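Since every read-out is calculated from the coordinates, none of them should be taken as a lab result. What you see is a predicted model, and the numbers here were worked out from it, not measured in a lab. Note that each Cβ is placed from the backbone with ideal geometry, even for glycine, and that neighbours are counted across all protein chains shown.
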Amino acid sequence: MYMIPLFFYLVFCTIFVLFFILFYVIKIKTMVVASANDFRVNQKKYLDLVKQDIQVFLKRDNDLFAITPISEKQQVNFNPVWVKHIKKAEQEIKSGKVTAIKSDDVWRKVRDR
């Protein structure tokens, strides 16, 4: 009659001890909330945590933002036309085909082009 409650008690105690070991002794973290200021100062620390599959949330005022890694497969595929234009612009920069514009006459240079 007392064997069944004793069995459940032992199972419960075993599970409790395992959770205690996992979360308090080994200190496994699964989620971290950081302020925007703290994230700005310690970006490397928080990005390394994200790489270790620890969820990082940024809290600013009443807003909460999640930092999530994006795999290569998830990255946005760029439009081939834009890639062509960017590569052409890089070649023009390397060959010196650039126009220097001073900040005080930006719009005049753009307009007169």
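For ILE70 and PHE57, compute 0.36 nm times the residue count separating them, minus their Cα-Cα distance, and round to one decimal in nm.
Result for the pair: 3.1 nm of gain on full extension.
Compare the peptides 32-38, 96-102 by average per-residue count of other Cβ atoms within 10 angstrom and give them in order, highest first.
Final packing ranking: 32-38, 96-102.
How many nm separate the modelled label positions at VAL17 and ASP38, each set 7 Å beyond the Cα in the direction of the Cβ?
In this crude spin-label approximation the distance works out to 3.4 nm.
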